[in-house]
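All of the numbers you see were taken from the coordinates with simple rules; none came from a lab. What you see is a predicted model, and the numbers here were worked out from it, not measured in a lab. Every residue, glycine among them, receives a Cβ derived from its backbone with ideal geometry; neighbour counts consider all protein chains shown.
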There are 2 protein chains.
Amino acid sequence: MDNETEKLSILKFTERGSSNVEDIVVKELPLTIILNNKELVTLLCSPANLRYLAVGFLFSESLLKNKDDIKKIIVDDRRGVVRVGTEGDEELADATLFKRFITSGCGRGASFYSAADALGQGKVESKIEISTLEVIALVNNFQHRSQVYRLTGGVHSAALCDNKDILVFSEDIGRHNALDKIFGECIMNDIGTDDHIILTSGRVSSEILLKVVKRNVPIIVSKSAPTNLGVRLADDLGVTLVGFVRGKRMNVYTHDWRIATNGR
Amino acid sequence: MDNETEKLSILKFTERGSSNVEDIVVKELPLTIILNNKELVTLLCSPANLRYLAVGFLFSESLLKNKDDIKKIIVDDRRGVVRVGTEGDEELADATLFKRFITSGCGRGASFYSAADALGQGKVESKIEISTLEVIALVNNFQHRSQVYRLTGGVHSAALCDNKDILVFSEDIGRHNALDKIFGECIMNDIGTDDHIILTSGRVSSEILLKVVKRNVPIIVSKSAPTNLGVRLADDLGVTLVGFVRGKRMNVYTHDWRIATNGR
């Protein structure tokens, strides 16, 4: 936790006047990912689980497909560099192609937003269901897990769950990174994502949805709003998209047959 | 407004059960920016003010330096393409250099995060001051301007202000885009940014701070949290960074001499 936050002296104004106080802010680390000696990208991220972030990012961008292809991962925390070496160097897309997959604004990966087949894979076919009570319990649990957020208000969180429990949890200043860290951890530790649920604190845009589909996750639950492209992709690709989970309320945007009204 | 949102049929769960209702979600558009026939980047953005977004982005990335260098801007809303043609083609950084300036996670631009001189410009020297009452009034006004947010909960907003009024306002699904749209509009319409104030709904990370410094804006005010790198850059580059403005409370992280406790 100490590694992810920093104490600062600030001037705080309240109804009762101003005072110099100590405040805690979230750390931001520029992390450069180098794949087979080729510098790919610099992510701005929270300085935890950098190995998982690198692996999750490479899988999300289709630059890695099998865990067994990874020969080595060297993390240099101090310099903010992760070097990944793989089998089958030749599979790496060249820089020009890769560039198309990086966007900015608030995210990346805009070249394959419309067509399912651009993902090179089919729809999510899972028959899993979840009840609204289970969704509510998971989101409640999720909110209480977020330690860095409680301290700083400056991070997003994400989690992989089954119907009852949070299995993997992460926090990051970027909502994309938080999700890549989850998937990187699942890949490295052989934790299955089929038939599972992703929770996120952030908005569900096309990029978030595509990451989830790539790991074959059938249900994504957000406390926040989706975009129309997020909804369209969820509909096309067989994902149940639940948004605005607040108290006992929620909106189900797509594939609502996976949401059971009563207990199971 | 219609152009920026979409109506969908969803299944809504509340304490009283479920019902099919109409819901409004924010639109997300992949926008490709082409500079002098070279495809630069695809941003995921809200489909308004695309011309301003393209110009603001190019200035933020130092790919354009003078408005007069712009020979033409052609916006193709339907295809999501903006073509910008400039004088002095040769000034365009090549793709490899440019790639370093794009990051993902939740943003871009991580290569110049530490040193002021990497920006090729000095500190912000403005002597402007603002009172806490003025900050509170501006933020209050700012929150009431956000129409798309009120409808969808899915966008960030940004504004350029003087001490009393909001001069330019924008909303976008990405907090970086919202800011680039503000600056693009200022550049195209010859609206000065020196001695002004930027308001943002989003977190203040290094990238946001660097955009603000690039336009020589001395004060940034956010309803949300900063990162440690955002604070460090603000400190180094002479920017007053105010965060967590809520009701009558606020945190001043850097250069608090610009914040006056009483009215002016």
Quiz item: Nm distances between the label at A:Asp69 and the same-position labels in the remaining copies, 7 Å along Cα→Cβ, shortest first?
Solution: 3.8
Quiz item: In 20 Å bins starting at 0, how do the alpha-carbon pair distances of the protein assembly as shown split up by percent?
Solution: 23, 58, 19, 0
Quiz item: To the nearest 20 debye, what charge dipole does the protein assembly as shown have about its Cα centre, counting +1 at the Cβ of each Lys and Arg and -1 at the Cβ of each Asp and Glu?
Solution: 1160 debye
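Ratio to report: Rg/Rh of chain B, with Cα atoms as the point set and Rh obtained by the Kirkwood method; give two decimals. Show your work: numbers first, answer last.
Values: Rg = 19.1 Å, Rh = 19.3 Å.
Rg/Rh for chain B comes to 0.99.
Sum up the charges of everything whose Cβ sits under 11 Å from the Cβ of B:His156, counting Lys and Arg as +1 and Asp and Glu as -1, but leave B:His156 out.
Details: positive: A:Arg203, B:Arg175, B:Lys181, B:Arg203, B:Lys223; negative: B:Glu171, B:Asp172.
Result for the neighbourhood of B:His156: +3.
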Exercise. Going by C-beta contacts inside 10 Å, put B:Phe183, B:Phe59 in order with the fewest on the left.
Key: B:Phe59, B:Phe183
Quiz item: Under unit Cβ charges (Lys, Arg +1; Asp, Glu -1), what dipole magnitude, rounded to 20 debye, does region A:155-264 have relative to its Cα centre?
Solution: 480 debye
Quiz item: Considering amide H positions built from the backbone, and no H for Pro or chain starts, which residues 5 or more places from A:Leu31, or on another chain, come under 5 Å of its amide H?
Solution: A:Leu43, A:Leu44, A:Cys45
Quiz prompt | Net charge, B:Lys248 excluded, C-beta distance under 11 Å - Lys, Arg +1, Asp, Glu -1 | solution = +2
Self-check item: Amide H partners (placed H, <5 Å) of B:Asp77, local residues excluded
Solution: none
Exercise. Enumerate the lysines that A:Lys7 could reach by cross-link, defined here as Cα to Cα under 20 Å, with residues fewer than 8 away along the same chain left out.
Key: A:Lys27, B:Lys223
Quiz item: Taking amide H positions as placed 1.01 Å from N in the peptide plane, with prolines and chain starts having none, which residues 5 or more places from A:Leu63, or on another chain, fall under 5 Å of its amide H?
Solution: none
Practice problem: Could you work out which residue, out of B:Gly56, B:Gly122, B:Gly238, moves most in a Gaussian network model of chain B, that is, has the largest mean-square fluctuation with Cα springs under 10 Å? | Solution: B:Gly122
Exercise. Starting from a label point 7 Å past Cα on the Cβ side, list the distances from A:Asn141 to the same position in the other copies, nm, shortest first.
Key: 4.8
Quiz item: According to the Cα gyration tensor, what semi-axes, each the square root of 5 times an eigenvalue, does the equivalent ellipsoid of region A:130-260 have, listed from largest to smallest in whole Å?
Solution: 19, 17, 15
Quiz item: Can you list the lysines whose alpha carbon sits under 21 Å from that of B:Lys72, skipping same-chain ones fewer than 8 residues off?
Solution: B:Lys38, B:Lys181
Quiz item: How large is ³J(HN,Hα), in whole Hz, for each residue of region B:205-213 in order, when computed from phi with the Karplus curve 6.51 cos²θ - 1.76 cosθ + 1.60 and θ = phi - 60°, using x for Gly and Pro?
Solution: 9, 4, 5, 5, 4, 5, 4, 5, 5
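Cβ under 13 Å from B:Gly17's Cβ, B:Gly17 left aside: what net charge do those residues give with Lys, Arg +1 and Asp, Glu -1?
+3
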Exercise. Give the distance, in whole Å, between the Cα centre of region A:150-164 and the Cα centre of region B:142-198.
Key: 29 Å
Self-check item: Label geometry 7 Å along the beta-carbon vector: B:Asp190 inter-copy distances in nm
Solution: 6.9
Quiz item: Got a sec to turn the phi values of region A:20-30 into Karplus ³J(HN,Hα) couplings, 6.51 cos²θ - 1.76 cosθ + 1.60 with θ = phi - 60°, whole Hz, x for Gly and Pro?
Solution: 7, 9, 8, 10, 10, 10, 7, 7, 10, 10, x
Quiz item: Whole-Hz Karplus ³J(HN,Hα) for region B:176-192, in order, using 6.51 cos²θ - 1.76 cosθ + 1.60 and θ = phi - 60°, x for Gly and Pro?
Solution: 5, 4, 4, 6, 4, 5, 4, 5, x, 5, 4, 5, 5, 9, 6, 9, x
Practice problem: Check cross-link reach from A:Lys67 to the aspartates and glutamates: straight Cα distance under 13 Å, and skip same-chain residues fewer than eight apart. | Solution: A:Glu87, A:Glu185, A:Asp190
